[in-house]
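The values are calculated or read from the model by the stated rules, or taken from the named source; none is laboratory data. These figures come from a predicted structure and were not determined experimentally. Note that each Cβ is placed from the backbone with ideal geometry, even for glycine, and that neighbours are counted across all protein chains shown. Heavy atoms of the whole protein, side chains included, go into the accessibility calculation; ligands, DNA and RNA do not. Shrake-Rupley method; radii C 1.70, N 1.55, O 1.52, S 1.80 Å.
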Amino acid sequence: MESLLLTAAAWLDVVGIGGWARGSALVYPLVNTLHLLGLVMLVGGIGVVDLRVAGLWRALPIGPLSYALTPVAIVGLIVMVASGIVLFAADGRALATSDIFSRKLVLIALALANAVAFRWIWGDRIGRWSRAVPLAARLMAVLSILLWLAAGTMGRWIAYG
């Protein structure tokens, strides 16, 4: 993975994103703030749905909750990917060799795989769940929360590793 990340960092420098991200006192903090906003939207949106699927707030219908909050989470993910590329470009060579950053990427991949699997397995049935949510769906929801929180934690730990 390290060589792939080093190649990506070099390419981001060649196309000018790395220099742009490093060259302004305003770009990095602004993009970092956008990255955090994306995290809040992602974990806030899908986290509420996951908590409901896991068993909290049983009076709230899962279908409409998921319908309302999943797009918020998706927009948050898009904001995070876009801002994450700029943040990576600012310090790509160091991040490419960071074990913490690599762990973060693995956690993100696992969280996305879990989300895709959840939608593939349960997507058309979510609206029909009232009180009885399948155990496997509840476990996937808890796993989702844990993976996204762990990825966010790894992101915060990058500065200290």
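Odds and ends about this structure:
- Neighbours by Cβ (under 7 Å, 6+ apart or cross-chain): first from region 1-23, touching a residue at least 40 places away in the same chain (Cβ under 8 Å); second assigned to a helix (DSSP H, G or I) and open to solvent by 90 Å² or more (accessible area, probe 1.4 Å): 6/93; 9/93; 21/28
- Residue under evaluation residue 97, criteria (1) of a type in the set (S, T, N, Q); (2) in contact (Cβ under 8 Å) with a residue 40 or more places away in the chain; (3) open to solvent by less than 40 Å² (accessible area, probe 1.4 Å), criterion not met: (3)
- Residue list for region 118-161, filter: open to solvent by 30 Å² or more (accessible area, probe 1.4 Å), among the small types (Gly, Ala, Ser) and more than 15 Å from residue 44 (Cα to Cα): 123, 127, 130, 132, 136, 159, 161
- Filtered residue count, region 22-44, keeping only those that are more than 18 Å from residue 155 (Cα to Cα) and open to solvent by 50 Å² or more (accessible area, probe 1.4 Å): 4
- Unique match (being of a type outside the set (Phe, Trp, Tyr), surrounded by 17 or more Cβ atoms within 10 Å (Cβ to Cβ) and in contact with a helix residue (DSSP H, G or I) (Cβ under 7 Å, 6 or more places away or on another chain)) among 47, 55, 19, 63: 47
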